[in-house]
Amino acid sequence: MMDHNSSYALLSKEQLIYTITIPLSTSIILANLAIIWGISCNRELHNTPNYFFLSLLVADMCTGVALPFIPLMGLNRELSLNSCLVAHVFPNFLFLAFLFNLVMVHYERYICIADPLRYNNLWMHRNFPLALFVVWTPPLLYASLPAFGWNNWTGPDWNSCCENAELLLPPSQCSVNGSACCSYRRVFPNAFIYLEVYGIVLPAILTIAGMTGHVLFITRGQLKDICRLHRSLGRGGQASDQEQRLNLRYTRCVVAVSLTFLACWVPYLIYMHISTAFLISDTKWNSTTAIVMSCTGIGSMAVVPLVLGLANRQYTEPAYKLFQKLRDRWRRARESEDTAL
């Protein structure tokens, strides 16, 4: 009876994960494909900055594919050693590659605004293959460390892992050989998790936030210079309509950036710190809450490149024209059917 109830509990948790992640994953994949198609169709966009953004879109699309599997890491399942390593290492690699690509894109655009004279001489522009190597290879190497031996698979007292798991396994299946209780604790040692969270993920997010904040600060200073010049030419002390429009546009930009950070980054930061705190204290927390926070946190972070891409009309124009053509054909078909009736 206990095994049946535990199996049912695990199945319900997996269904909850798929219910949340499948629609979000599908939307992320389709949106990325639309933006990639838009960049590919416009020859004017075939340049190094957009190639970096294409790499980010590919990484984001891969993250969307892996999104349903990332929350599954929090469930204890019956898997062999190789299957357990693949189920944990590969999604982690895609997530880290996405994060590295995101930092690279923000850095490239940050230099374009903060130091435009040095922009065209950036090392990433002179050697694009090296830049791709930097954003894809280190995540692969770090994520693969558990496969090269940095894991807890042969740790002591792993029978308790099966006894306390959502899926209770017979003691004979809790051995190291064959099927075993696959848990993220067996794949990722605590030191590996701490290093990834506080040595890679959190510094990357803070770097992105710092560059974005500095860009807004620079933009604000440039806006003040433009308004000051406009007033000196107009010989008036009052703000003109054009100045008010510029200030309003800047305010909208600040609000959009702030809302994007709150909606896309804060959920993941909350989940990351809470899960790490429970890991340090070695206590269990409500698995349903963990699933919801994991799905929404990682999914919201994967939306960041889509916000950057959908805000550019050049990226979305081909998809928009295709949508208009399909809509016009559908309307003409409906009108012809109504006329025939």
message: If E108 satisfies all but one of (1) free of Cβ contacts under 8 Å to residues at least 40 places away in the same chain; (2) touching a Pro at 6+ places or on another chain (Cβ under 7 Å); (3) not in a loop (DSSP other than H, G, I, E, B), what's the number of the condition it fails?
response: (1)
- prompt: When you go through C264, C181 one by one, which is the residue that is at pLDDT 75 or above, more than 30 Å from H106 (Cα to Cα) and not polar (S, T, N, Q)?
  reply: C181
query: When G221 is evaluated against the numbered criteria (1) over 30 Å from A59 (Cα atoms); (2) loosely packed, with under 12 Cβ neighbours inside 10 Å; (3) modelled with pLDDT under 75, which criterion, by number, is the only one it fails?
result: (3)
message: Looking at region 253-271 only, could you name the residues that are closer than 16 Å to M293 by Cα and part of a helix (DSSP H, G or I)?
response: L262, A263, C264, V266, P267, Y268, L269, I270, Y271
- line: Just one listed residue, out of I20, I39, is closer than 19 Å to F95 by Cβ and part of a helix (DSSP H, G or I), and it is I20
field: Whichever residue in region 28-41 is in contact (Cβ under 8 Å) with a residue 12 or more places away in the chain and under 20 Å from I298 (Cα atoms) and, among such residues, is nearest to the chain's Cα centre (by Cα)
entry: I28
field: S83 surrounded by fewer than 18 Cβ atoms within 10 Å (Cβ to Cβ), within 29 Å of S183 (Cβ to Cβ) and not hydrophobic (A, V, I, L, M, F, W, C)
entry: yes
task: Please tell me if L33 is part of a helix (DSSP H, G or I) and at pLDDT 90 or above.
output: yes
field: Residue count for region 136-158, restricted to those that are over 25 Å from L102 (Cβ atoms) and either modelled with pLDDT of 95 or more or in a loop (DSSP other than H, G, I, E, B) (or both)
entry: 10
query: How many residues does region 32-67 hold that are within 23 Å of F323 (Cα to Cα), buried (at least 20 other Cβ atoms within 10 Å of the Cβ) and among the aromatic types (F, W, Y)?
result: 0
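So that you can scan it fast, the table gives a plain yes or no per residue for (1) loosely packed, with under 13 Cβ neighbours inside 10 Å; (2) of a type in the set (S, T, Y); (3) at pLDDT 90 or above; (4) within 28 Å of V255 (Cα to Cα):
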site	(1), (2), (3), (4)
V187	no, no, no, no
L202	no, no, yes, yes
L206	yes, no, yes, yes
D225	yes, no, no, yes
L229	yes, no, no, yes
S232	yes, yes, no, no
- request: Just one of (1) at pLDDT 80 or above; (2) farther than 19 Å from A31 by Cα; (3) touching a Gly at 6+ places or on another chain (Cβ under 8 Å) trips up A302, so point out which.
  value: (2)
message: Which condition from (1) within 17 Å of F52 (Cα to Cα); (2) surrounded by fewer than 23 Cβ atoms within 10 Å (Cβ to Cβ); (3) in contact (Cβ under 8 Å) with a residue 40 or more places away in the chain is the one that M73 breaks?
response: (1)
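The values are calculated or read from the model by the stated rules, or taken from the named source; none is laboratory data. As the structure is a computational prediction, the values presented were derived from the model and not from experiment. Methodologically, a virtual Cβ is constructed for each residue, glycine included, from the backbone with ideal geometry; neighbour enumeration extends over all protein chains shown.
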